[in-house]
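Chemist: I am attaching a structure below and will ask some questions about it afterwards.
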Amino acid sequence: MAIVIGSNFGYTVFAAIGITLQCFVAAESVSSARKKYNVNYPDNGGGRYSDKLSDEDWVAFNNVKRTSDNYLEQVGMVLVALVLAGLYQPKLAASFGAVYMLGRFAYTRGYVAGGAEKRLYGAYIALFAFTGMVITAGYNAFTTTILA
């Protein structure tokens, strides 16, 4: 079976753009935190500049940094899964992309406001969406190749 990219694939593209922009905003929040807490490059939260922070400010800076780092760790595989799922079911894939963005938003808000324990709600939402993308891509690839 050939994959035909129809006009509905644009929904997947919009979701991919949204995830990319959200990841960019997460990285920019680290720049803002660097200015706020006076943590200059190349310090990533464990160097000479951050050693001068109070414990409370050090945790606050690192919570912001960790949310950005976590997004960067995941965005590659999420975008691949989104696009692969979108080749088969673009609207479903885009829906999972939107849910993923909501999960990442909740993850970031929770982590920055309350630390690592408060990120779990958003993490589970994002994990659900990512799992949906992978299952959608895998199921459709299997049924259109192995079972075809």
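The values are calculated or read from the model by the stated rules, or taken from the named source; none is laboratory data. Note that this is a predicted model, so its numbers are computed, not measured. Cβ atoms come from the backbone with ideal geometry, glycine included; neighbour counts cover every protein chain shown. For accessibility, only protein heavy atoms count, side chains too; no ligands or nucleic acids. Shrake-Rupley method; radii C 1.70, N 1.55, O 1.52, S 1.80 Å.
Chemist: Six or more apart or on different chains, Cβ atoms under 9 Å: show the pairs whose first residue is in the range 50-72 and acidic (Asp, Glu) and whose second is open to solvent by 30 Å² or more (accessible area, probe 1.4 Å).
Modeler: Asp51/Trp58; Asp57/Lys36; Asp57/Tyr37; Asp69/Asn44
Results for (1) touching a strand residue (DSSP E or B) at 6+ places or on another chain (Cβ under 8 Å); (2) of a type outside the set (Gly, Ala, Ser); (3) under 16 Å from Leu72 (Cα atoms), shown as yes or no for each residue.
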residue	(1), (2), (3)
Phe96	no, yes, no
Thr108	no, yes, yes
Ala116	no, no, no
Leu120	no, yes, no
Phe130	no, yes, yes
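Chemist: Taking Phe130, is it among the aromatic types (Phe, Trp, Tyr), open to solvent by 30 Å² or more (accessible area, probe 1.4 Å), within 16 Å of Gly18 (Cα to Cα) and without any contact (Cβ under 8 Å) to a residue 60 or more places away in the chain? First the steps, then the outcome.
Modeler: Values: among the aromatic types (Phe, Trp, Tyr): yes; open to solvent by 30 Å² or more (accessible area, probe 1.4 Å): yes; within 16 Å of Gly18 (Cα to Cα): yes; without any contact (Cβ under 8 Å) to a residue 60 or more places away in the chain: yes.
Yes: the conditions hold for Phe130.
Chemist: Taking the criterion of being surrounded by fewer than 16 Cβ atoms within 10 Å (Cβ to Cβ), outside any helix (DSSP H, G or I) and not aliphatic (A, V, I, L, M), would at least one residue in the range 114-125 satisfy it?
Modeler: Going residue by residue through the range 114-125, those that are surrounded by fewer than 16 Cβ atoms within 10 Å (Cβ to Cβ) are 114-117, 120-121, 124.
Next cut, outside any helix (DSSP H, G or I) only: 115.
In the following step, the residues that additionally are not aliphatic (A, V, I, L, M) were identified as 115.
Scanning the range 114-125 turns up at least one residue that is surrounded by fewer than 16 Cβ atoms within 10 Å (Cβ to Cβ), outside any helix (DSSP H, G or I) and not aliphatic (A, V, I, L, M).
Chemist: Among the residues of the range 1-30 satisfying the criterion of being hydroxyl-bearing (Ser, Thr, Tyr) and assigned to a helix (DSSP H, G or I), which is nearest to Tyr107 (Cα to Cα)? Give the steps one after another, and end with the answer.
Modeler: At the first step, the residues of the range 1-30 found to be hydroxyl-bearing (Ser, Thr, Tyr) are 7, 11-12, 20, 29.
Filter once more, keeping what is assigned to a helix (DSSP H, G or I): 11-12, 20, 29.
On the way: Tyr11: 24, Thr12: 22, Thr20: 16, Ser29: 14 Å.
So the residue we want is Ser29.
Chemist: Now for a different question. Determine whether Met101 is at pLDDT 95 or above and touching a Phe, Trp or Tyr at 6+ places or on another chain (Cβ under 9 Å).
Modeler: Numbers: at pLDDT 95 or above: yes; touching a Phe, Trp or Tyr at 6+ places or on another chain (Cβ under 9 Å): no.
Answer is no for this residue.
Chemist: Would you confirm whether any residue within the range 60-73 is open to solvent by 70 Å² or more (accessible area, probe 1.4 Å) and β-branched (Val, Ile, Thr)?
Modeler: No, the range 60-73 has no match at all.
Chemist: A follow-up question, please. Mind checking whether some residue in the range 49-72 is part of a helix (DSSP H, G or I), acidic (Asp, Glu) and over 21 Å from Gly110 (Cα atoms)?
Modeler: The initial filter retains those residues of the range 49-72 that are part of a helix (DSSP H, G or I), namely 50-52, 55-72.
Narrowing further to those that are acidic (Asp, Glu): 51, 55-57, 69.
Those left that are additionally over 21 Å from Gly110 (Cα atoms): 51.
Yes: one or more hits.
Chemist: Is it the case that the range 34-49 has a residue that's acidic (Asp, Glu), open to solvent by less than 90 Å² (accessible area, probe 1.4 Å) and within 20 Å of the chain's Cα centre (by Cα)? Quick ask: steps written out before the conclusion?
Modeler: We begin by selecting, within the range 34-49, every residue acidic (Asp, Glu); these are 43.
Right, trim to open to solvent by less than 90 Å² (accessible area, probe 1.4 Å) and you get 43.
Narrowing the set further to residues that are within 20 Å of the chain's Cα centre (by Cα) leaves none.
Checking the range 34-49: not a single residue is acidic (Asp, Glu), open to solvent by less than 90 Å² (accessible area, probe 1.4 Å) and within 20 Å of the chain's Cα centre (by Cα).
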